[in-house]
Amino acid sequence: MTAYKSGDPTTINRLYGRSKGKPLRAAQQDLVEQLLPQIAVPAEGEVTAERLFGQPCTLHFEIGFGGGEHMVHMAARNPQIHLIGAEPFVNGIAMLLGKIRAAGVTNLSLHPRDVREVFDVLPDACLSKVFLNYPDPWPKARHHRRRFVTPDYLLPLARCMAPGAELRVATDIPDYVRQTLEEVPPTGFELVRQGGPGEAWEDWLSTRYEQKALREGREPHYLTFRRL
């Protein structure tokens, strides 16, 4: 896993290599440089709850947290747990760090690169809940293998999830629902709930991606799986 080095003269955008939208403002770059090293997932060694939080606790994981509103909401709602988030786009990281500072939550750790690097350092059966909210749909058929809901991602994820752990998937793309229902169960999960518009989880916080989907006439789908 690539470590974040505080004081590295490399610019933030070059350090992470991926961005969406406008380049970071100076204040956002300062926030990433100052706050991210404090809460980054350790780059080496096994990543346990005790190492992240200083004591045994329940671990949740959000894959591709976007702007971070859902992750901060869950952290504030559940101070007894510790959330890990992975997001490869520096713009989303900067947005999340701003929300963390504003909300004052401390039970989060971040990894600013590919989620598979986190799977490499997590112990077996350590996660009790995982969120996959509005993942990149990769709409072209030839790109469907790049979606998260493929064995290359799902099998390492399944290894890290405890028996009975919950996997939540939210998407507005019908074909992503199809592939999720086809690909997730064979990797060690069972479907326990499939909801449509107005049938989100009780503790759900609608994200900016969901609001955009609703404005554009796309319907949300909420899938819940249990690790076998």
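The values are calculated or read from the model by the stated rules, or taken from the named source; none is laboratory data. Since we're looking at a predicted model, the values are computed, not measured. In this analysis, Cβ positions are derived from the backbone assuming ideal geometry, glycine residues included, and neighbour counts consider all displayed protein chains. Just the protein is used for accessible areas: all its heavy atoms, side chains included, with ligands, DNA and RNA removed. Shrake-Rupley method; radii C 1.70, N 1.55, O 1.52, S 1.80 Å.
Pairs under 7 Å by beta carbon, first residue under 23 Å from LEU122 (Cβ atoms) in the range 19-46, partner open to solvent by 70 Å² or more (accessible area, probe 1.4 Å) and modelled with pLDDT of 85 or more, six or more apart or different chains?
Qualifying pairs under 7 Å: LEU35/ARG101; PRO42/ARG51.
Cβ-Cβ below 9 Å, separation at least six or inter-chain, first residue in the range 80-109 and closer than 14 Å to CYS57 by Cα, second charged (D, E, K, R) and open to solvent by 20 Å² or more (accessible area, probe 1.4 Å): which pairs?
Every condition considered, the pairs that remain are ILE81/LYS129.
Just checking, which of ARG193, ARG178 is assigned to a helix (DSSP H, G or I) and basic (Lys, Arg)? Give the steps one after another, and end with the answer.
On the way: ARG193 fails: assigned to a helix (DSSP H, G or I).
Answer to the check: ARG178.
Can you find a residue that is open to solvent by less than 30 Å² (accessible area, probe 1.4 Å), at pLDDT below 95, within 11 Å of the chain's Cα centre (by Cα) and among the acidic types (Asp, Glu) anywhere in the range 71-93?
Yes, the range 71-93 contains a residue that is open to solvent by less than 30 Å² (accessible area, probe 1.4 Å), at pLDDT below 95, within 11 Å of the chain's Cα centre (by Cα) and among the acidic types (Asp, Glu).
It is to be established whether one or more residues within the range 158-174 are polar (S, T, N, Q), part of a helix (DSSP H, G or I) and surrounded by 21 or more Cβ atoms within 10 Å (Cβ to Cβ). Full working, then the answer.
So in the range 158-174, the residues polar (S, T, N, Q) come out as 171.
This time we only want the ones that are part of a helix (DSSP H, G or I), so: none.
No, the range 158-174 has no match at all.
Can you confirm whether the range 204-218 contains a residue that is assigned to a loop (DSSP other than H, G, I, E, B), open to solvent by less than 70 Å² (accessible area, probe 1.4 Å), within 26 Å of ASN78 (Cβ to Cβ) and charged (D, E, K, R)? Steps first, answer last, please.
Of the range 204-218, the ones assigned to a loop (DSSP other than H, G, I, E, B) are 204-207, 216-218.
From what is left, the residues that are open to solvent by less than 70 Å² (accessible area, probe 1.4 Å) are 204-207, 217.
Checking the rest, the ones that are also within 26 Å of ASN78 (Cβ to Cβ) come to 204-207.
Right, trim to charged (D, E, K, R) and you get none.
No: zero hits.
Identify, by number, the condition in (1) farther than 28 Å from VAL72 by Cβ; (2) part of a helix (DSSP H, G or I); (3) touching a residue at least 24 places away in the same chain (Cβ under 8 Å) that PRO139 doesn't meet.
For PRO139, the exception is condition (2).
Checking the condition in contact (Cβ under 8 Å) with a residue 40 or more places away in the chain and open to solvent by 10 Å² or more (accessible area, probe 1.4 Å), which residue from GLY198, GLY188 passes?
Working: GLY198 fails: in contact (Cβ under 8 Å) with a residue 40 or more places away in the chain.
Sole residue among the options that is in contact (Cβ under 8 Å) with a residue 40 or more places away in the chain and open to solvent by 10 Å² or more (accessible area, probe 1.4 Å): GLY188.
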